[in-house]
Structures are given as C-alpha cells and as structure tokens.
1. Could you give me the residue pairs with C-beta distances under 6 Å whose first residue belongs to the range 164-178 and is within 19 Å of Ser131 (Cβ to Cβ), whose second residue is of a type in the set (Val, Ile, Thr) wherever it lies, and which are 6+ apart or on separate chains?
2. Out of Ala84, Ala121, Ala68, Ala80, which single residue is at pLDDT 90 or above, open to solvent by less than 30 Å² (accessible area, probe 1.4 Å) and in a strand (DSSP E or B)?
3. So Ser155 passes all but one of these: (1) free of Cβ contacts under 8 Å to residues at least 24 places away in the same chain; (2) of a type in the set (Gly, Ala, Ser); (3) under 30 Å from Ser73 (Cβ atoms). Which condition number does it fail?
4. From Glu139, Glu163, which residue is of a type outside the set (A, V, I, L, M, F, W, C) and in a helix (DSSP H, G or I)?
5. Look at the range 124-136 and say how many of its residues are in contact (Cβ under 8 Å) with a residue 24 or more places away in the chain and either among the aromatic types (Phe, Trp, Tyr) or surrounded by fewer than 17 Cβ atoms within 10 Å (Cβ to Cβ) (or both).
6. Looking at Val154 and the list (1) under 16 Å from Glu97 (Cα atoms); (2) in contact with a helix residue (DSSP H, G or I) (Cβ under 6 Å, 6 or more places away or on another chain), which single condition is not satisfied?
7. Scan the range 165-188 for residues that are open to solvent by less than 50 Å² (accessible area, probe 1.4 Å), within 24 Å of the chain's Cα centre (by Cα) and not aliphatic (A, V, I, L, M) and report the count.
Amino acid sequence: MLDHKSVRFLTLICFSALLISCSTTSNTSTTSDTSANVTNAESKYPSWYKTSRAVESDDTSYFGYATAIDSDSSASAEKAKAQAQSELKSAISNRLETIRNDAVVELGSDSGLDSPRFIIALRKAENEVPSVTSTEEIEVECLEGEGYRAFSKVSVEKESLIEELDKAFSANSRAWNAMKESEAFSQF
C-alpha cells in the first residue's frame, strides 16, 4: 500500500500536470486572440494610409504619413498633419545629406559640398519643406469615449521643393548647383 508521502507526491505531480496543461491551452487561445486583434486593428486604417513606413516617394513627389489622437477632432487632425510634415522634413533632410555625402565622393572637395557653411545651410533646408507641402488626405475617427484618431497624408512635389531650395541656397549656389548636377542627385 502507498504511504502518505507517496500519495502527496503523486497528487502534486497530477496537480502540476493539470496546471501546466491548462496554462498552455490558455496561452494558445490568447495568441490566437491577439492575432485576431492585430488583424482587426489593421483593418481600422484607411486604405490610403501606409502602416509600413512614415515616408515614401515616387518619381515626382514625397509623401508623409502620420496618425494622432486627441480629445478634439480638429486638434487630432492638426497633430496628425504636423507629424506627417515632421516625418517628411526629417526624411528629406536625411536624403539630402546622403546625396551630399555621395556627391562629395563623386565631385571632390573642390565642389564646396563639404564646407561647413554649406553643411549648415543644408541642415536648415528642411525648414523649406512645409512651405511647399500640401495635404493629400485627412481622416478622423471617433474612438468611443476615448477621443478622436486622425490619419494624415501630406505630399511635396520634388520640382517645387527644388525651386524652394534654389532660393534657400542662393548664398551657396555654387555648391548647391554642383550637388544638383551630380549623379548622386538623380536619387533625389
């Protein structure tokens, strides 16, 4: 016959096995519930909204995307638009700096592209983006007692931006024109 210690040990093992099997089943259903929630959340985005990236471009324009939440619908729309413009400014600034680095390698130091004066002017060039940015899309949704969520898409035409940058770089026109004529600038 089994002694009390053996019975307790077997009871503990059975109880532990039951707990483990229940927790495993619980985790499995939680995972599938989470997958369903992710799918539902993704379907809440407007069809034009890019969830995979904040900025994209084509041959003629750059596009910035953002979303924002606020208790006021118009404030959420303004925040989303401002965030999309900010994403666009940052991406264009990074793109111009990459092009400048490539153009310096291509054209050399005589081009003026590595002068501190031009580099500072190039970093300030992102401030020209909002003046030529236009709003493509704004959509605001009510979040059932939690405020409003806005989605925004803004764009800037490359040609208009280059014209604006021509004005901004008037004091550095030699270096700016060298950069525009470089092979690296074709990636803009």
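The values are calculated or read from the model by the stated rules, or taken from the named source; none is laboratory data. Just so we're clear, the structure is a prediction, and the values are computed from it rather than from any experiment. No Cβ is skipped: glycine too gets one built from the backbone with ideal geometry, and neighbour counts run over all protein chains shown. Ligands, DNA and RNA are excluded from the accessible area calculation, which covers all protein heavy atoms including side chains. Shrake-Rupley method; radii C 1.70, N 1.55, O 1.52, S 1.80 Å.
1. From residues that are within 19 Å of Ser131 (Cβ to Cβ), the pairs are Glu164/Val132.
2. Working: Ala84 fails: in a strand (DSSP E or B); Ala121 fails: in a strand (DSSP E or B); Ala80 fails: in a strand (DSSP E or B).
The match here is Ala68.
3. Unmet condition: (1).
4. Numbers: Glu139 fails: in a helix (DSSP H, G or I).
None of the other options fit; the residue is Glu163.
5. Filtering the range 124-136 down to residues in contact (Cβ under 8 Å) with a residue 24 or more places away in the chain leaves 124-133, 135-136.
Filter once more, keeping what is either among the aromatic types (Phe, Trp, Tyr) or surrounded by fewer than 17 Cβ atoms within 10 Å (Cβ to Cβ) (or both): 124, 127, 130-131, 135-136.
Residues that pass the stated criteria total 6.
6. (1)
7. Here the count works out to 2.
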